[in-house]
1. If we keep just the residues of segment 110-163 that are of a type in the set (S, T, N, Q) and within 15 Å of the ligand (Cβ to nearest atom), which is modelled with the highest pLDDT?
2. Would you point out the residue of segment 1-10, among those that are outside any strand (DSSP E or B) and crowded, with 23+ Cβ neighbours inside 10 Å, that is nearest to the ligand (Cβ to nearest atom)?
3. Within segment 27-51, restricting attention to residues that are surrounded by fewer than 16 Cβ atoms within 10 Å (Cβ to Cβ) and within 23 Å of Gly366 (Cα to Cα), which residue is farthest from the ligand (Cβ to nearest atom)?
4. Would you list the helices (runs of 4 or more DSSP H) that sit entirely within segment 164-221 and hold 3 or more residues that are open to solvent by 10 Å² or more (accessible area, probe 1.4 Å)?
5. Which ones in segment 71-85 are over 20 Å from the mean Cα position of the chain (by Cα) and either closer than 14 Å to Gln112 by Cα or surrounded by fewer than 18 Cβ atoms within 10 Å (Cβ to Cβ) (or both)?
6. Report, by residue number, each residue of segment 86-134 that is polar (S, T, N, Q), over 19 Å from Ile36 (Cβ atoms), part of a loop (DSSP other than H, G, I, E, B) and open to solvent by less than 10 Å² (accessible area, probe 1.4 Å).
7. Filter segment 258-276 for residues that are touching a residue at least 12 places away in the same chain (Cβ under 8 Å) and in a loop (DSSP other than H, G, I, E, B) and give the result.
8. Among the residues of segment 231-243, is there at least one that is touching a residue at least 60 places away in the same chain (Cβ under 8 Å), touching a Phe, Trp or Tyr at 6+ places or on another chain (Cβ under 6 Å), aromatic (Phe, Trp, Tyr) and outside any strand (DSSP E or B)?
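The values are calculated or read from the model by the stated rules, or taken from the named source; none is laboratory data. No experiment lies behind these values; they were computed from the predicted model shown. Neighbour counts are summed over all protein chains in view; Cβ atoms, including those assigned to glycine, are modelled from backbone coordinates with ideal geometry. In case anyone asks, the SASA skips ligands and DNA or RNA and just uses the protein heavy atoms, side chains included. Shrake-Rupley method; radii C 1.70, N 1.55, O 1.52, S 1.80 Å.
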Amino acid sequence: MKKYVLVGVGGRAMMYWEALAKDFANTSKLAAVCDINKGRLELTRQKAGRLISDLKAYHSNDFDKMLCENKADTVIVCTRDCSHDDYIVRALEHGCDVITEKPMTIDAKKCQRIINAVKKTGKNVRVTFNYRYSPVRSQIKELLMKGIIGKILSINFQWNLDTSHGADYYRRWHRNKENSGGLLVHKATHHFDLVNWWLGDIPVEVGAQGKRAFYNAEQANRYGLKNHAERCLDCSLKSQCNFYMDIQKSQQIKELYYNHEREDGYIRDKCVFSDSIDIEDTISVQVQYKSGAELTYTLNSFAPYEGYKIEFNGTKGRLEHICQETSYINGDGTVQGALKPEGTSIKVFPHFQTPYSIEPHVGTGGHGGGDSVMLNDIFGNPAADSLKRAANYVQGAYSILVGIAANESIASGKYVNVEKLVTGLPEHGYPQNSGEDEQIAFVSETKKVHCSN
Ligand SMILES: NC(=O)c1ccc[n+]([C@@H]2O[C@H](COP(=O)([O-])OP(=O)(O)OC[C@H]3O[C@@H](n4cnc5c(N)ncnc54)[C@H](O)[C@@H]3O)[C@@H](O)[C@H]2O)c1
């Protein structure tokens with residue numbers, strides 16, 4: 001039986017402690033939880049303690065004591081992004097392996113600390129990239145591994161966060177780069193990891209542009225919200241604001257955050273138009289890969305729908321994958337207006353041949369069905385994985401180094417060399433796509449279409 005301890009008992013941690021207490025209780029034991037906020041810690045001890053009777057709770061000042069007293073094999077890190085490095089390094093130096101939430105950390109210096117600590121201790125760090133595990137994204141990797149469009153030469157990737165999910169990054173700690181690295185690190189770590197893994201390649205050079213164009217005072221003025229308060233709870237304009245969040249309405253949000261905010265000043269419902277936000281909401285990035293492939297990526301966090309579109313251009317054709325998750329939905333569940341969400345699709349356009357669709361594999365549950373598959377891979381007895389979806393610290397590093405380089409590029413206006421950001425990263429280990437250099441056969445039934453004018 002493997003023994004775990006968990007640090008950071010906020011929203012994301014619930015998935016882990018529930019999994020350990022229920023589905024994987026036969027193979028795994030959660031011995032203790034730890035947090036900086038005593039109220040939230042006690043809430044979790046009580047809730048998880050109903051399922052794990054001997055669960056212990058430690059304040060974060062006693063993190064090392066927790067490691068000593070519980071002799072855990074693995075530490076699970078679910079704190080704010082900016083403190084991941086501290087807990088990862090301390091856990092490694094204590095002789096534990098680490099499972100950390102994404103992003104592994106937020107800047108090059110902290111990333112170097114983790115690289116050095118892994119080298120020194122020989123222990124493992126696993127970064128939980130649940131997006132790789134959602135059935136359709138695994139399917140895309142399978143298709144690319146089979147060489148369906150040959151060697152990939154370029155990628156266009158467009159990610160949209162809607163005005164519900166996207167806005168939530170401007171309400172709390174994510175809104176400041178010192179906590180999260182901005183969306184280029186906090187959120188796009190998922191997207192850059194997918195591209196690195198899909199390509200089987202590492203980024204070498206990054207150029208980026210970004211600005212806060214929507215979640216700002218100008219947009220508040222456009223909505224007539226100039227005199228907004230610093231948080232929704234105190235705001236006199238709540239009845240006319242589409243971004244109003246009632247922190248006392250959801251039982252989960254109230255008991256997890258509102259009830260304990262006096263202790264550490266963690267306010268969960270800050271105004272999305274506040275001047276103290278310093279992250280971008282409109283981002284474009286160009287990435288050059290070692291193989292020569294180029295990525296053009298955009299992230300928009302105020303879109304009317306949630307989802308993404310990615311186009312791979314290869315030596316044998318093109319693959320397009322769309323995942324439009326939601327559009328505005330009425331209270332009765334019907335979709336507003338005539339436009340229905342496009343859902344999920346995969347289309348292949350081989351050169352000189354008829355294009356075709358592939359039925360996408362669709363999952364249920366958190367993050368496109370990725371969470372449950374990933375939990376089984378971590379805590380269960382999974383079969384050998386030809387897609388190698390378990391990400392180590394090297395892959396964790398490459399996913400954040402794109403965003404870290406992009407942050408630097410936005411600040412300097414120059415392209416940034418990724419390899420110069422940190423030293424000592426070994427081979428990446430991504431599974432390779434086949435048929436990259438194979439001879440391409442002549443297609444006899446090619447129909448050439450000429451324009452008449
Ligand atoms: N993979 C995913 O899809 C996914 C989804 C959500 C969150 N996350 C990640 O999970 C992590 C936690 O996010 P969340 O949404 O649960 O945030 P949260 O704010 O709900 O929880 C963070 C917890 O960490 C605690 N904390 C903060 N600083 C600490 C410190 N120095 N020492 C100990 N405890 C500290 C807070 O008190 C809080 O309980 C983040 O890294 C986030 O990026 C990943």
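1. Just the residues of segment 110-163 that are of a type in the set (S, T, N, Q), to begin with: 112, 116, 121, 124, 128, 130, 134, 138-139, 154, 156, 158, 160, 163.
Filter once more, keeping what is within 15 Å of the ligand (Cβ to nearest atom): 128, 130, 134.
On the way: Thr128: 98, Asn130: 94, Ser134: 91.
Filtering first and then ranking leaves Thr128.
2. Applying the first criterion (outside any strand (DSSP E or B)) to segment 1-10 yields 1, 8-10.
Filter once more, keeping what is crowded, with 23+ Cβ neighbours inside 10 Å: 8-9.
On the way: Gly8: 3, Val9: 5 Å.
This residue is Gly8.
3. Of everything passing the filter in segment 27-51, Thr27 is farthest from the ligand (Cβ to nearest atom).
4. Numbers: elements: 177-180, 183-186, 188-199.
Per the criteria, 177-180.
5. Across segment 71-85, the qualifying residues are Lys71, Asp73.
6. Residues of segment 86-134 that are polar (S, T, N, Q), as a first pass: 100, 105, 112, 116, 121, 124, 128, 130, 134.
Filter once more, so that each one left must be over 19 Å from Ile36 (Cβ atoms): 112, 116, 121, 124, 128, 130, 134.
From what's left, part of a loop (DSSP other than H, G, I, E, B): 124, 128, 134.
Within segment 86-134, Thr128, Ser134 meet the criteria.
7. Selection gives Tyr266, Ile267, Arg268, Asp269, Cys271, Val272, Phe273, Ser274, Asp275, Ser276.
8. no
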